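Just below is one structure, and these are the notes that go with it.
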Amino acid sequence: MNSVVVRTLLVRGMLAGVIAGALAFGLAYLVGEPQVDAAIAFEEAQAHAQGAHEHGEELVSRAVQATAGLGTAVLVFGTAVGGIAALAFCFLLGRVGRFGPRATAVLIAGGAFLTVCLVPLLKYPVNPPAVGDPDTIGQRTALYFLLIALAVLLVAGAVLLGRRLAPRLGNWHATVAAGAAFVVVLALALALLPSFDEVPRDFPAVVLWRFRLASVGIQALLWASFGLVFGDLAERVLRPRAVARPIPEEKAPAAVT
């Protein structure tokens, strides 16, 4: 794959990331922001009950945070991960099986959702405002990124294991064995890593559940839409439609005299 094609795919990956980010922003605004407002209201009620009436000057209003701030953050994130995923696509195309551009893009998007979002959230789910101890945020952040790195390594290891077992076991059984090994090692890692139970007892369980469900849904929409959009764009680059050529008219047979 030459540099011109890689550059074209990089640009289209970033474009697909922008589109996916815009869709994710819409879902975040409609589903996630109401839960953030509910959590903030709970936090303010707790502070009022404890007699803490003084509030610092708000540098950015809540309305700006929920619109321009959220939109900018999601679009920047979508653009960045779109470019990274496009480069991963250029490296993995043809190396993970006999998959075309669309299937490879969907597989990369699914793997990214699994490693970057789903696996870390199994151990360290995201929390709304008023949930979490500020003293442990550094440790929780470090462990979160450690789990992402571990998930990426485990997925890569599972792919290599499946390819090594395929000649002896066949593709189906090799895939099942590699997947089982991934689940077992991941379960051990999740059991050994420290946990943080910092949810206040009186925090509304419905708000917490909806906030975490919305977080997973936003990530799922972002990666699913990216995989579909980028797969179609990459297909157009790598498999351009053949230019229609005019069919020469058949010459009439010469008259027999």
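The values are calculated or read from the model by the stated rules, or taken from the named source; none is laboratory data. Note that the structure is a prediction, hence the values are computed from the model and not measured. All Cβ positions, even for glycine, are placed from backbone atoms using ideal geometry, and neighbour counts span all protein chains on display. Remember, those area values only see protein heavy atoms, side chains included, never the ligands or the DNA or RNA. Shrake-Rupley method; radii C 1.70, N 1.55, O 1.52, S 1.80 Å.
Name the residues in region 63-84 that are out of contact with any helix residue (DSSP H, G or I) (no Cβ under 6 Å at 6 or more places or on another chain), of a type outside the set (Gly, Ala, Ser) and open to solvent by 60 Å² or more (accessible area, probe 1.4 Å), would you?
The answer is 64, 65, 72, 76, 77, 84.
Residues that are out of contact with any helix residue (DSSP H, G or I) (no Cβ under 8 Å at 6 or more places or on another chain), in a helix (DSSP H, G or I) and under 23 Å from residue 154 (Cα atoms): does region 24-34 have at least one?
no
Only one of (1) more than 18 Å from residue 225 (Cα to Cα); (2) modelled with pLDDT of 90 or more; (3) not hydrophobic (A, V, I, L, M, F, W, C) fails for residue 2. Which number is that?
The failed condition is (2).
If I ask for residues that are of a type outside the set (Gly, Ala, Ser) and open to solvent by 80 Å² or more (accessible area, probe 1.4 Å), which ones from region 191-233 would you list?
Of region 191-233, the ones of a type outside the set (Gly, Ala, Ser) are 192-194, 196-204, 206-213, 216, 218-219, 221-223, 226, 228-230, 232-233.
Within region 191-233, 192, 197, 201, 202, 206, 209, 210, 213, 228 qualify.
Would you check which residues across region 48-62 are modelled with pLDDT of 70 or more and open to solvent by less than 100 Å² (accessible area, probe 1.4 Å) and list them?
Answer for region 48-62, where residues must be modelled with pLDDT of 70 or more and open to solvent by less than 100 Å² (accessible area, probe 1.4 Å): 49, 60, 61, 62.
So which of 87, 23 ends up being open to solvent by 70 Å² or more (accessible area, probe 1.4 Å), touching a residue at least 24 places away in the same chain (Cβ under 8 Å) and closer than 30 Å to residue 172 by Cα? Before the answer, list the steps.
Values: 23 fails: closer than 30 Å to residue 172 by Cα.
Answer to the selection: 87.
Do the conditions hold for residue 7, that is, is it basic (Lys, Arg), open to solvent by 50 Å² or more (accessible area, probe 1.4 Å), on the phi < 0 side of the Ramachandran plot and in a helix (DSSP H, G or I)? Give the derivation first.
On the way: basic (Lys, Arg): yes; open to solvent by 50 Å² or more (accessible area, probe 1.4 Å): yes; on the phi < 0 side of the Ramachandran plot: yes; in a helix (DSSP H, G or I): yes.
Yes: the conditions hold for residue 7.
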